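Below is one structure, written out as structure tokens; comments come after it.
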Amino acid sequence: MQISIPDPKLAQSLQKELERQRQTLEMIPSENFVSPAVLNALGSVGTNKYSEGYPGQRYYGGNQFIDEIENLARERAKKLFSVDHVNVQPYSGSPANQAAIFAVANPGETIMGMHLFYGGHLTHGWNVNFSARYYKSVQYTTKKDGWLNYEQIESLAKKHRPKVIFCGATAYPRLYDYPLLAKIAHSVDAYFIADIAHEAGLIAAKIIPSPVGHADIITTTTHKTLRGPRGAMIMCNGKESHPLKPLSENENPRKNLPTLIDRAVFPGLQGGPHNHTTAAIAMALEEALKPEFKTYAEQILKNAKALAQNLIDEGLELVTGGTDNHLMLVKLTNLGIGGKQAETVLNEVGITANKNTIPFDERKPYDPSGIRLGTPALTSRGFKEDEMKIIGKLIAKILKNHESETIKQEIKKSVKELTGKYPLYPELEYN
Ligand SMILES: *Cc1c(COP(=O)(O)O)cnc(C)c1O
């Protein structure tokens, strides 16, 4: 399909970005390729409409069809994740976390989350983020071996009695013990927020455990493994939401989380929702409800396991020794290359990945000791275990021979062959 953009500079940049996506191996675990249907919904007339409020309760007229769209997204998300209530309006994952905290904690109260350098997210209490400037932040780490340290989480919770305990990360290759985290949080009367931004698609497909029924609030992005547009959702169980009415003092906040969350998103933090994004979320959720999506999610896991095993066979070291989800962290310490250079070298041969700190990293975050790799985007293109074996070998070879120009050229060629085998948006062109 030809998309007309009558602005040569912009059209060229968009076309070049499309070609870059086509010609590289996209291995950043937080990225994905949406379907043409999701792209179409995202480029829809929903963007023209103001609709502050919620379906049936708007501050603008003319929202009868926007209400239908938002209700489609909400109902599909409720079905997909088996929850009572979903807010689909947060602009992205970070504002969703901000709203989730804002819903249950007053400024100055304590929140607790995983330290950024151990895999956690900025919005879980990193020192320069709002979550540590407006709230008091306590951060937990992993054990030396990279696995979550539940004893430490429990003792920090007992000591600081936070109002909120977060779990969820951007670089943790293992699963979470949601029942245990819920038990710890509730033993100190904290709200347990599970941020499933990375794993949402795997949870939706029911191939890894869900925090539903354990976490009080669940936040997620919609653009990672869930394969929707850039956006976010906040989910919870509880009584029906009354977003225009503040809770009275005799209402139990724990039973009224839907109202607290809706009010935190709007009018607490945001104005008008991005209705084109909501439409694209509705489309992506419809896709995620289909049996094909389960097959896709299973393949993400199979591919991650195959890639991890191959990297190990090639002598590379992985944090925690492997993966239970869609991502892995390669420890570069014994390869004589830092994370920054590894990212650059991989980029030069057409493999897109990002440098990452590893637990107890001795190098600086700007040039850390790890590389993060993930399989969701490649799996969307159709790559399977056989290609993962080839890619694992290519990655190991380039990291071990990062100074050899001939090896770089050879790998560049292999990457071209691989990407050529799985066309991306073959009909699309911006001009
Ligand atoms: C990606 C991510 C977010 C934030 O999402 P943005 O859309 O980039 O703001 C929040 N939490 C976790 C764990 C993430 O991985």
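The values are calculated or read from the model by the stated rules, or taken from the named source; none is laboratory data. The structure presented is a predicted model; accordingly, all values stated were derived computationally and were not measured. Quick reminder, even Gly has a Cβ in these numbers, built from the backbone with ideal geometry, and neighbours come from all protein chains shown.
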Considering only residues that are without any contact (Cβ under 8 Å) to a residue 24 or more places away in the chain and more than 13 Å from T357 (Cβ to Cβ), look in the stretch 110-142 and name the one that is nearest to the ligand (Cβ to nearest atom). N129
On the basis of being over 30 Å from L116 (Cα atoms), touching a residue at least 24 places away in the same chain (Cβ under 8 Å) and within 23 Å of the chain's Cα centre (by Cα), does G382 make the cut? yes
Can you spot a residue in the stretch 67-87 that is within 30 Å of I371 (Cβ to Cβ), among the small types (G, A, S) and surrounded by 13 or more Cβ atoms within 10 Å (Cβ to Cβ)? no
Specify the residue that is nearest to F33 (Cα to Cα); the eligible residues are those in the stretch 181-209 that are more than 16 Å from the ligand (Cβ to nearest atom) and buried (at least 17 other Cβ atoms within 10 Å of the Cβ). A205
Just the residues that are touching a Pro at 6+ places or on another chain (Cβ under 9 Å) and either β-branched (V, I, T) or within 15 Å of L318 (Cα to Cα) (or both), please, taken from the stretch 371-399. R372, L373, G374, T375
Is at least one residue of the stretch 235-255 buried (at least 24 other Cβ atoms within 10 Å of the Cβ), touching a residue at least 24 places away in the same chain (Cβ under 8 Å) and within 13 Å of the ligand (Cβ to nearest atom)? no
Counting only residues that are of a type in the set (V, I, T) and more than 21 Å from the chain's Cα centre (by Cα), how many does the stretch 293-328 have? 1
Flagged in the stretch 403-424 as part of a loop (DSSP other than H, G, I, E, B) and touching a Leu at 6+ places or on another chain (Cβ under 9 Å), in numbering order, are Y422, L424
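Matching residues to (1) within 30 Å of I351 (Cβ to Cβ); (2) within 17 Å of the chain's Cα centre (by Cα):
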position: I218; (1), (2): no, yes
position: G272; (1), (2): no, no
position: A284; (1), (2): yes, yes
position: P291; (1), (2): no, no
Which members of the stretch 225-279 meet the condition of being among the hydrophobic types (A, V, I, L, M, F, W, C), in contact with an Asp or Glu (Cβ under 7 Å, 6 or more places away or on another chain) and farther than 20 Å from K49 by Cα? C236, L257
Note on the stretch 280-305: residues outside the structural domain of R381 (by TED's automatic domain parsing) and touching a strand residue (DSSP E or B) at 6+ places or on another chain (Cβ under 8 Å) are I281
Residue list for the stretch 400-431, restricted to those being within 26 Å of D313 (Cβ to Cβ) and of a type in the set (A, V, I, L, M, F, W, C): I407, I411, V415, L418
Counted residues, the stretch 31-71 - those being among the aromatic types (F, W, Y) and over 26 Å from P243 (Cα atoms): 1
Among the residues of the stretch 164-180, how many are in contact with a helix residue (DSSP H, G or I) (Cβ under 7 Å, 6 or more places away or on another chain), surrounded by fewer than 21 Cβ atoms within 10 Å (Cβ to Cβ) and not acidic (D, E)? 2
